[in-house]
Every structure is written in structure tokens, then in C-alpha cells.
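Peer 1: Handing you a structure now.
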Amino acid sequence: MLSNLTILFPLAVALGVLVWSVRWAAIHRRAVPAVGDGAPAAAFGAGADGAMTRTDRIAVAAITAVYALTAFLGLGSTSAPQTFLHYLQGNTYALIELHEVQTVTALRYYSGLCTADYILQFSLDGENWTDQLRADGTSGMTQEYTQLFRWNDALLNADNGPVRYIRIISGDEEYLGEVAVYGEDGALIAPEDMTIAAGCEMLFDEQDTIPDAYSYKNGTYFDEIYFPRTALEHIEGRWPYEITHPPLGKVIISLGIRIFGMTPFGWRFTGTLFGVLMLPLLYLLLKRMTGFTAAAAAGTGVFAFDFMHFAQTRLATIDSYVVFFIIAMYLFMYLWLTEPEDSRRRLLWLGLAGASFGLGAASKWTGIYAGAGLGVIWLVHWIRQLAQAWKTPAFARVRDALIRNIGWCLLFFVLVPCGIYYVSYWAYAPSQGVDGPFRLFKPGYLKIVLDNQKYMWNYHSDLVATHPYDSKWYQWVFDVRPILYYMSNAADGSSVRIASFNNPMVSWGGLAAMAAMAWLAVRDRDRTAAFILVGYLANLLPWVLVSRLTFAYHYFPSSVFLVLGIGYLFGDLCRHDRRWKASVGGFTVVSLGLFCLFYPVLAGTVRQEWYAKLFLRWFVDTWPF
């Protein structure tokens with residue numbers, strides 16, 4: 001019965017989006033005649049002043065502050081073991097002697113860098129040892145790449161009996177953080193109730209960090225098994241584990257680790273911060289595009305509480321950084337396009353757009369897709385300029401301006417980005433013996449960079465893998481296949497889950513907005529609508545051609561332009577609809593309401609099964625909530 005009621009939610013949202021879209025179309029059609037009927041071609045930011053006012057500053061500060069509090073709340077533990085027993089090689093061991101003979105019922109441990117199995121042994125007399133093994137005979141205490149920087153429980157033999165000595169033998173170079181030993185009654189055995197071999201004290205010096213059980217709050221989850229580890233390796237000058245993406249995103253993650261330590265809060269801090277900082281940039285762009293404070297504020301609010309923006313930036317992966325720089329590059333390109341031709345700031349905006357492109361590409365190659373969209377926008381702009389000046393005295397001036405601009409673009413969009421990309425490999429070099437302040441100019445540094453480009457290309461082009469939550473681009477577009485990052489089920493029927501997907505108002509309303517952008521670009525020759533549409537397609541179309549494993553989060557850059565399209569329609573409603581508050585405010589309030597509804601599966605709070613069946617499982621076969 002409950003699951004049958006859930007169908008009402010997607011139907012209601014779809015109907016709401018349809019009514020909102022039809023209303024906009026009716027209002028716009030009455031307000032703006034077609035170009036062929038005598039209306040001028042729409043210019044960038046036509047009909048409004050996009051300057052920031054005191055009201056704008058208050059609005060964007062309030063939205064950003066509220067979102068920041070929401071995003072940082074429950075982000076992750078600020079404590080985790082920071083001291084590690086460093087096994088330099090295999091076949092070395094840590095010895096623990098219990099003061100009383102007793103049955104050890106559990107052993108929990110926190111894994112650090114490096115992967116290899118331990119040999120965990122128990123003994124009653126210190127001479128005869130029993131290996132703790134899995135059912136298949138393999139070690140019961142492992143340190144695999146999926147177990148690093150998280151708490152793990154060793155698998156113990158069912159028939160151990162009384163124990164006095166514990167020995168943990170390394171299989172190779174390994175870092176072991178804290179160890180928790182539990183006795184017969186399931187109580188933690190205190191360090192003062194055991195004798196720890198000299199040099200192994202760090203295994204029991206941070207017992208206050210031991211949790212009741214592993215969770216995403218006290219350890220890595222999903223792709224955090226790659227990126228925080230690599231960020232730490234950059235700090236320590238080691239050759240990085242994750243080299244399938246450019247380095248900059250992981251270097252930025254390392255800044256949070258340097259400030260807050262190698263803790264869940266530390267490795268998630270900068271990604272969440274960049275998610276917060278996206279909001280002022282988006283607000284500036286929307287205000288410039290629409291000229292309306294209400295449209296900019298509503299659009300920014302919709303983006304702030306989009307499901308993917310929230311969940312993705314709280315996960316320590318590199319997507320936060322590339323999306324931030326994509327927003328920045330499109331903001332600066334739009335400022336360049338809309339700045340008066342005689343303004344000295346035009347060159348500054350173009351330069352900042354190029355630098356943002358370089359930073360985005362150095363974070364993740366998807367930044368290159370967005371950069372290609374800038375290239376299309378630039379090309380169309382100059383074709384239009386030349387076409388308008390054709391066979392007029394102004395043609396020579398436009399031609400010369402184009403030639404100068406090509407020179408600046410070679411600097412800003414080729415040389416500067418290449419320089420940024422090249423320098424981003426700074427942390428790779430020390431582990432390969434390429435060090436010192438002039439390492440950039442050493443042949444070994446260039447080889448590191450070139451070899452990694454080849455490796456990344458081969459890795460992504462040859463990847464053959466499966467995943468239970470993979471999806472294709474057409475599933476992202478209709479929001480039918482989220483990716484589940486984390487799942488923990490309790491015996492009482494409650495569970496904790498974290499998923500990434502778009503707010504249906506953004507996904508479905510954004511699709512309607514993209515159709516409107518195409519219509520405005522063709523019918524009204526609206527250059528802002530074309531700008532948004534090109535940005536959306538530049539970030540989506542490359543994935544149409546990709547046959548390898550893909551996920552819903554690859555749609556994150558495209559979702560920025562869905563929101564820009566929605567915000568642009570908000571501006572149109574503010575301009576032409578006397579009852580715009582109902583349309584704009586209603587869309588925003590419903591978006592926020594859905595965020596609140598789905599908050600448990602976005603932030604990883606406990607949710608009951610009845611709640612999921614009644615409110616969350618809109619698509620039973622594909623929404624895993």
C-alpha cells in the first residue's frame with residue numbers, strides 16, 4: 001500500500017514542472033514577438049542591469065551561509081588515529097601480552113598506508129601460536145586498498161579458547177594505526193591491562209578514537225579509498241596511488257588534510273568548501289544574465305540544495321574542483337562577452353577564463369569538455385561580429401580585433417593552461433628523484449608528465465568493468481539511475497544510505513529549460529540562451545560517445561547549466577509575469593522541500609524502511625533507497 005502511494009510524488013513533480021513550463025511559454029510568447037515580427041535579436045543580458053547591489057550581497061551571503069552550515073554539519077569525524085606503527089618490511093611483528101588469560105572476542109584495527117595482509121596469531125604460552133584465518137584459509141586480518149584509513153574488524157577463529165599473547169606480523173611494508181582488543185564480555189581491554197612490546201606503543205595511544213563500529217563518518221567510503229590516500233602521499237613525497245586523473249584535485253584535498261589532519265573531516269573539508277564557494281560564482285553569473293535579484297537568488301538556492309551538488313561535494317573526490325572551475329570559466333567568459341568593447345576589464349575576464357580552464361583541466365579531464373564549449377562560444381561570437389561588419393567600413397577594425405584576440409587566446413587558453421597543468425605535477429617528482437626548486441626544468445619532470453598522460457589515456461579508453469550502480473547518459477538526463485555511495489543496514493530495519501543524483505526539479509525542470517533555451521536561441525536569437533545551451537551540451541555530449549563504465553556523478557557539470565537555464569527562465573518570468581512570485585517562488589520552495597524529504601539519503605542519516613517506501617522509492621527498480 002505504501003509503495004503504491006509513492007507514485008504520486010513523481011507524478012506531482014512532473015505535472016508541476018509541466019505547468020511551470022507551459023506558463024513560462026505562454027507568458028514569453030505574449031511578451032516577446034518573434035524576430036521575424038520585428039523584434040531585435042536578443043543581446044547578452046538584454047533589458048536588465050546585472051550589477052550587484054546591497055540586496056544582492058545580502059542575499060548571496062545568506063544563501064551561502066545557510067548552505068555552508070548544512071553542508072559542514074555531520075561531514076565526518078574530526079578525530080582519527082594520527083600515529084602509526086610503520087612496518088618497514090614483511091615478517092616483522094608487534095607483540096601484545098594480556099595481563100590476564102581470557103578469550104578475545106573481537107579485534108578492531110585502523111589501517112594506514114600500504115597494502116598487504118597481516119598474520120594475526122593468538123597464543124596461551126607465547127610459544128605455540130594459532131593463526132586467525134578466514135573460512136578459505138586466508139588471513140583474517142587484511143589491509144587491502146579498500147580498507148585504508150578506516151576501521152576494520154579482524155575475522156577470528158570460532159574456537160580460540162583462552163588467550164594470553166597476541167602477535168601481528170606484517171606481510172610487507174605497512175602502516176597500522178590503532179588496535180582495539182575486546183575480551184569475553186565484549187568490553188574493550190584497556191592498554192594498562194596489557195604489556196605492549198617496545199616500539200609498538202602507538203598501536204594503543206589513541207584509544208579515544210575507537211568507534212562502536214565503522215561508518216562513513218569515521219573512515220573512507222566509495223572513491224575516498226583513492227583520493228585522500230593519494231593526497232597524503234603527495235604530502236609525504238611518495239609516488240601516488242591514484243594516477244588515473246590529473247593531480248590538482250588531490251593536491252587541493254591535501255590542504256584540508258594539512259589543516260585538520262588525516263581525518264574524515266580533513267579530507268572532505270576542501271571539497272565541501274569548494275561546493276560552498278560555487279554559490280557566489282553562480283549568483284554572479286545569474287545576476288549578470290537576468291538582471292534580477294529574485295532570479296539570481298532563487299536559481300542559486302535551487303542549485304545550493306540540488307541533491308548532487310550537496311552529496312557530491314561532501315565526498316572526498318575531485319569532482320567538486322572541476323565543477324567549481326567550470327562555473328568560474330563560464331562566468332568569466334560571460335563577463336568578457338558582456339563587457340563593453342572599450343573596457344579594460346575585458347582582457348582580465350578573458351585571462352581569468354583561461355586560467356580557470358587550466359585549473360579545471362588540471363583537476364579532471366572533464367574540464368576539457370567544458371573548455372571546448374568555451375571555444376564554440378568564442379568562435380560563434382567572432383563569426384557573428386564579422387558577419388555584422390561584412391561589407392562595411394567597420395570590417396577592417398573587427399578583423400584586426402579578431403587577430404589580436406587570437407593572440408591573447410593562445411596565451412590565455414593554451415600557454416597558461418599548459419603551464420598550470422605542467423606545474424600541477426610538482427608533487428609527483430620527489431618520489432622519482434626529481435627534486436629541488438628547479439625541478440620543472442629537469443628532463444625527468446617532463447617524462448613524468450608525458451608518461452602519465454599516456455597512462456591516463458590508456459586507462460580510460462581500455463577500461464572494462466562493471467558496477468551495480470553504473471548508468472548511461474540517457475539515464476542521467478531523466479534522473480532514473482542514482483549512484484549509491486554508502487549503505488549500512490541495522491537489524492531493526494533502519495539503515496543509512498548515501499546516494500548522488502539530481503533533485504527532480506533540477507533534472508526535469510532543467511530539461512524543460514534546455515528545450516526553452518534551444519527555442520529562445522533559434523526563435524529570438526537569444527545569445528544568453530545559446531550560451532547556456534552550448535555549456536550544457538559541451539559537458540553532456542562527450543559522454544554520449546563513451547562506452548566505458550559511467551556513473552550519475554558524471555552529469556554534475558551538466559547540472560550547473562540545467563540550473564542556469566532554470567534561473568534564466570526565472571528572470572524572464574520576473575520581467576514579464578506580474579505573478580512571477582508564485583512561479584519563481586513555487587519552483588524554489590518545492591526544490592527545497594524535496595531536498596528536505598530526501599535529506600536522509602543525501603547526508604547519511606538514519607532512515608526507516610517505512611519512510612523509504614512511503615516517500616523515497618519513486619522508481620522501485622532503479623532508486624536504491
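Coordinate-derived values only; no laboratory data. These numbers come from a predicted model, not from an experiment. Reconstructed Cβ throughout: ideal geometry from the backbone, glycine too, with neighbour counts over all protein chains shown.
Peer 1: How about LYS287: which lysines have a C-alpha closer than 30 Å to its C-alpha, ignoring those fewer than 8 places off in the same chain?
Peer 2: LYS364, LYS581
Peer 1: If you don't mind, there's one more thing I want to ask. Answer rounded, prolate or oblate for region 466-625, using the Cα gyration tensor with square roots of eigenvalues a ≥ b ≥ c: rounded when a/c is under 1.5, else prolate when a/b is larger than b/c, else oblate.
Peer 2: oblate
Peer 1: Label points 7 Å out from Cα along the Cβ direction at ASP451 and HIS467: separation in nm?
Peer 2: So the two model labels end up 2.8 nm from each other.
Peer 1: How much length, in nm to one decimal, is gained on full extension between LYS581 and ASP208, taken as 0.36 nm per residue of separation minus their Cα-Cα distance?
Peer 2: Here the segment from LYS581 to ASP208 would lengthen by 129.0 nm.
Peer 1: Find how much the distance from ASN128 to ASP153 grows on full extension, using 0.36 nm per residue of separation minus their present alpha carbon separation; answer in nm with one decimal.
Peer 2: Extending this stretch completely gives an extra 6.6 nm.
Peer 1: Along Cα→Cβ, 7 Å out, is where each label goes; now give me the distance between the ones at TYR459 and LEU69 in nm to one decimal.
Peer 2: Roughly 4.1 nm, to one decimal.
Peer 1: From the list (i) 98, 69, 45; (ii) 81, 64, 52; (iii) 89, 66, 54, can you say which value of Cα extents along the principal axes in Å was derived from the structure given?
Peer 2: (i)
Peer 1: Right, here's the next one. Using Cβ contacts closer than 10 Å as the measure, can you line up ASP193, ASP577, ASP212 from fewest to most?
Peer 2: So the ranking, lowest neighbour count to highest, is ASP212, ASP193, ASP577.
Peer 1: Here is a follow-up. Order by neighbour count: PHE72, PHE292, fewest other Cβ atoms within 10 Å first, most last.
Peer 2: Values: PHE72 17, PHE292 25.
Going from least to most buried by this count: PHE72, PHE292.
Peer 1: So, one more: Restricting attention to region 344-433, which trypsin sites (Lys or Arg not before Pro) occupy a DSSP loop and are surrounded by at most 12 other Cβ atoms within 10 Å? The partial results should precede the final answer.
Peer 2: Numbers: sites: ARG344, ARG345, ARG346, LYS364, ARG384, LYS391, ARG397, ARG399, ARG404; in loops: ARG344, LYS364, LYS391.
Passing both the DSSP loop test and the Cβ count: ARG344, LYS391.
Peer 1: Can you sort THR130, THR220 by how many other beta carbons sit within 10 Å, fewest first?
Peer 2: THR130, THR220
Peer 1: Further question on the same structure: So what does the Cα-only Debye profile of region 389-452 read at q = 0.25, 0.26 Å⁻¹, as log10 I(q)/I(0), no solvent term?
Peer 2: For the requested q values the scattering log ratios are -0.97, -1.01.
Peer 1: On full extension of the chain, what length is gained from ASN489 through SER343, given 0.36 nm per residue of separation minus the C-alpha to C-alpha distance? Numbers along the way, then the final one.
Peer 2: Working: separation 146, 0.36 × 146 = 52.56 nm, distance 5.97 nm.
Roughly 46.6 nm would be gained on extension.
Peer 1: For an R0 of 22 angstrom, estimate the FRET efficiency from the Cβ-Cβ distance between CYS596 and ALA25 and round to the nearest 0.05.
Peer 2: Using R0 = 22 Å, I get an efficiency of 0.15.
Peer 1: For LYS442, go through the lysines and keep the ones whose alpha-carbon is under 22 Å away, minus same-chain ones fewer than eight residues off.
Peer 2: Those lysines meeting the cut-off are LYS454.
Peer 1: Shifting gears a bit: Run lengths n ≥ 4 of DSSP H only: what is the helix-derived mean residue ellipticity at 222 nm for the chain, with -39500 (n - 2.57) per run over all residues, to the nearest 500?
Peer 2: Numbers: 19 runs with 311 residues, N = 625.
Helix-only estimate at 222 nm: -16500 deg cm²/dmol.
Peer 1: Under a point-charge model restricted to the Cβ atoms of Lys and Arg (+1) and Asp and Glu (-1), what is the dipole moment magnitude of the chain relative to its Cα centre, in debye to the nearest 20? Write out the running numbers ahead of the final one.
Peer 2: Working: 46 positive and 49 negative charges, 945 e Å.
Value, rounded to 20: 4540 debye.
Peer 1: What percent does the relative contact order of the chain come to when contacts are Cα pairs within less than 8 Å and at least six residues apart?
Peer 2: Values: 1090 pairs, mean separation 109.5, N = 625.
Computed over the chain, the figure is 18 percent.
Peer 1: Helix check for the chain. Which DSSP H runs span at least 20 Å along their own axis by Cα, with a mean Kyte-Doolittle hydropathy no less than -1.0? Kindly include the intermediate steps, with their values, before the conclusion.
Peer 2: Working: long enough: 8-31 (34 Å, 1.12); 54-72 (27 Å, 0.99); 264-290 (39 Å, 0.93); 319-338 (29 Å, 1.65); 345-363 (27 Å, 0.84); 366-389 (36 Å, 0.85); 395-410 (22 Å, 0.49); 443-462 (28 Å, -0.90); 504-523 (28 Å, 1.15); 527-544 (25 Å, 1.30); 556-576 (31 Å, 1.05); 580-603 (32 Å, 1.47).
Passing helices, by number: 8-31, 54-72, 264-290, 319-338, 345-363, 366-389, 395-410, 443-462, 504-523, 527-544, 556-576, 580-603.
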